[in-house]
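These notes concern the structure reproduced below.
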Amino acid sequence: MVDKALELSRADGCVVLVDEGSTANLRFAGNTLTTNGVARSARLTVISIAGQGVGVVSRAAVRPDQLADVVAAADQAARDAQPAEDARALVEGVPASPSWGEEVRPTDIGVFEGFAPALGEAFAAAESGGRKLYGFAEHSLTTTFLGTSTGLRLRHDQPTGKLELNAKSGDMKRSAWTGVSTEDFTDVDVAALDAGLAQRLEWAKTRVDLPAGRYETLLPPSAVADLMIYAFWSSGARDALDGRSVYAKPGGGTRVGEQLATLPITLSSDPAAAGIACAPFVTAHASGRDSSVFDNGLPLAATDWISAGTLRSLLQTRYSAELSGLDATPGIDNLIMTGPAGGRSLEEMIASTERGLLVTCLWYIREVDPQTLLVTGLTRDGVYLVEHGEVVGEVNNFRFNESPIDLLGRVSEVGASERTLPREWNDYFQRTVMPAVRVPDFNMSTVSQAS
């Protein structure tokens, strides 16, 4: 389909993307499997270029006899378009993917072959322990084919899996959540996850009401992922150059080169990172402030966004890189945060806490002020009080107001990094490796009535 579409195009240049997707899922409630299913999808995107005009047409489930009409529509849209500000020569000279012509092998329900029996055992353990398990497991495999009129023939197969698990007490008054990301479900320890949730429900038998205020707070890797993903998504060079983001330098320019964190924290992405590998080349279905269709096929490499606490890179297209004078550093579909060597586990951090809060996860995160990256959100499914190194009870929920960038300058401890699943953003971004962190003065701005 890619080759035929390129052959049909009469534009000056053409980029064709085909995304073949498949998903399999299990859903469960009250210690019982409720549904399971599989699905397939296919989408064709044709990007035609006429002079500096761009036309983009995207269609789902295109049949061979419809292909010529889609290409012709994209060609005409390009001829009718105004010149694109990000117009550049299409990428060329990238070696073809060895797997270009291989058959697409979709995921199927068999991906849960080892996981499903373990889930059943967890249901039995939960039932005997007087608790109920709810949630879902999902696995997808997306194969992306990218071809261009300059000769690129690139392919990437992306497996993505996640498990979200929620435990509730028998009276439905106590709740706890956990989640994991995985490539194939062979590394998911359901029994350990259930045991952790059971422990949290035990902690919640004691209730402690606290007022709003600033508290020493331990944020687990999942919560850190949600905050750092938002910081990453907000790091576009165009917005910084226009003075519209927290990465803008007062008086003009960007804050690249400025120290953001007091501890040697590094925030990076790497297409080849073990366990969270992602596409090693740009796939842009449309142009935006942080993406350009002209960059399709541009090779991606390991990139430090923040290195040893210093801002090093922003999300850049080749066009915005010319405006900023910085290197072109397109977005990459994973995110890794590390701190000083020898970071402790979350359990060790709890044991060394005199008095503070342990937050399970964050939810409903929304931006308040882009120029400081102030965000607000809620705690959910478990906030716990730690005293003298032990969890002594569950605390009421809070609304928080914090800036992820401001937090980097106030973090007093960074734990060991581990693969984690963000709670808020996992529908859009799952491949993260994050540490737990200690914040001496996390702003719990108001008490939330959510339970």
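The values are calculated or read from the model by the stated rules, or taken from the named source; none is laboratory data. This is a predicted model, so every value here is computed, not measured. Because the Cβ atoms are built from the backbone with ideal geometry, glycine has one as well, and the counts that use them run over all protein chains shown. Ligands, DNA and RNA are stripped out before the accessible areas are found, and what is left, the full protein with its side chains, is counted by its heavy atoms. Shrake-Rupley method; radii C 1.70, N 1.55, O 1.52, S 1.80 Å.
Worth a mention:
- Unique residue being within 22 Å of the chain's Cα centre (by Cα) and open to solvent by less than 50 Å² (accessible area, probe 1.4 Å) when the list is Leu374, Leu362, Leu358: Leu362
- Complete set of residues in region 213-254 that are in a loop (DSSP other than H, G, I, E, B) and either within 20 Å of Thr353 (Cβ to Cβ) or under 24 Å from the mean Cα position of the chain (by Cα) (or both): Pro220, Ser234, Ser235, Arg244, Ser245, Val246, Tyr247
- Complete set of residues in region 171-195 that are under 22 Å from Gly130 (Cβ atoms), surrounded by 20 or more Cβ atoms within 10 Å (Cβ to Cβ) and not acidic (Asp, Glu): Arg174, Ser175, Ala176, Trp177, Thr178, Val190, Leu193
- Hits in region 159-170 - residues which are open to solvent by less than 20 Å² (accessible area, probe 1.4 Å) and either more than 26 Å from Gly114 (Cβ to Cβ) or of a type outside the set (D, E, K, R) (or both): Gly161, Leu163, Leu165, Ala167, Ser169
- Candidates Pro98, Pro117, Pro83, Pro64, filtered to the one that is of a type outside the set (Lys, Arg), open to solvent by 60 Å² or more (accessible area, probe 1.4 Å) and in contact with a Gly (Cβ under 7 Å, 6 or more places away or on another chain): Pro83
Every residue, every condition in (1) more than 12 Å from Thr310 (Cα to Cα); (2) assigned to a loop (DSSP other than H, G, I, E, B); (3) aliphatic (A, V, I, L, M), yes or no:
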residue: Gly257; (1), (2), (3): no, yes, no
residue: Leu267; (1), (2), (3): no, no, yes
residue: Ala272; (1), (2), (3): yes, yes, yes
residue: Gly275; (1), (2), (3): yes, yes, no
residue: His285; (1), (2), (3): yes, yes, no
residue: Arg289; (1), (2), (3): yes, yes, no
